[in-house]
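Below is one structure, written out as structure tokens; the observations come after it.
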Amino acid sequence: MRLAVIADIHSNLEALDSVLAQIDLEGVEAILNLGDLVGYNASPNECLELLQGRQVWSLAGNHDLALLDPERAQNFNIIAYEALMWGRQQVSPELLKFLHGLPLLRERSGSFLACHGTPTSPDTYIAYHFQGKRVLKHLLRHPDVRVCFFGHTHRRALWYRDIRGTVALRPVSPAKMKLSPEEHYLINPGSVGQPRDGNPEAAYAIFDDQELSIHFKSTPYDIAGAQRRILAAGLPPFLAERLAQGV
Ligand SMILES: [Fe+2]
């Protein structure tokens, strides 16, 4: 199966439009979305409608859960919190139901496991070695699966665990990367709507479970258009500025 993997769209319609246009050229069987559909940017309804209409396999992220239950947003930084409260007033009742119905995990036997933060928590990051090691150990509980997709950090990453048990990061390459059937992997495709790895382009990845490969990609999009919407909505200007920097 050839699969497009996206994450952390965060209500950025301009970025989502551009990524979907590229994915349409890839001949994939499905699109997997690792959560955080809402938050930060200014087009929540448009993004939710698009994802629902295209039958994207979406998961709930911590921002999606916090929009439904603001108690969960108490630990968010003030800018994230402000954007979430704005989004809560915008999302239509029908789309709230759609958000409410999103699962926390997806598993395709023999192919992949998918989560937002980690398989046991949408709030926990995989950013450091001990976190990667812990989740790769957890993956052994899913004997049919060698690849776990995750988001939440807004940074592309490819963690592996080899047959000796060594856990390390493999540098992300712009070329297609072959995976080994002997190893386990944690793969983050990067963020569509608020990339934080210094590249402001909207990130996504193409996974092929037959040839066992991952191809990290990104596409330019109308950043100025997304910024205009953020400012017109009265959201914090920093949310517009950071899009141009990819931070
Ligand atoms: Fe996020």
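Numbers at a glance
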item	result
Hits in segment 15-39 - residues which are in a loop (DSSP other than H, G, I, E, B) and either surrounded by fewer than 24 Cβ atoms within 10 Å (Cβ to Cβ) or more than 14 Å from the chain's Cα centre (by Cα) (or both)	Asp24, Leu25, Glu26, Gly27, Val28, Glu29
Scan of segment 10-28 for residues that are within 24 Å of Leu67 (Cα to Cα) and of a type in the set (S, T, N, Q), ordered by number	Ser11, Asn12
Hits in segment 35-55 - residues which are more than 16 Å from the ligand (Cβ to nearest atom) and touching a Leu at 6+ places or on another chain (Cβ under 8 Å)	Asn45, Glu46, Glu49, Leu50, Gln52, Arg54
Of all residues in segment 87-118 being within 16 Å of the ligand (Cβ to nearest atom) and surrounded by 19 or more Cβ atoms within 10 Å (Cβ to Cβ), the one that is farthest from the chain's Cα centre (by Cα)	Gly87
Extreme residue, nearest to the ligand (Cβ to nearest atom), among residues of segment 4-27 that are more than 16 Å from Leu84 (Cα to Cα) and in contact with a Leu (Cβ under 6 Å, 6 or more places away or on another chain)	Ala7
Subset tally (residues that are within 25 Å of Gly198 (Cα to Cα) and out of contact with any Phe, Trp or Tyr (no Cβ under 8 Å at 6 or more places or on another chain)) for segment 158-187	4
Residue check for Tyr185: among the aromatic types (Phe, Trp, Tyr), touching an Asp or Glu at 6+ places or on another chain (Cβ under 9 Å) and surrounded by 12 or more Cβ atoms within 10 Å (Cβ to Cβ)	no
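Here, each number is a calculation from the coordinates, and none is a lab measurement. No experiment lies behind these values; they were computed from the predicted model shown. Please note: Cβ atoms are built from the backbone with ideal geometry, for glycine as well, and neighbour counts cover all protein chains shown.
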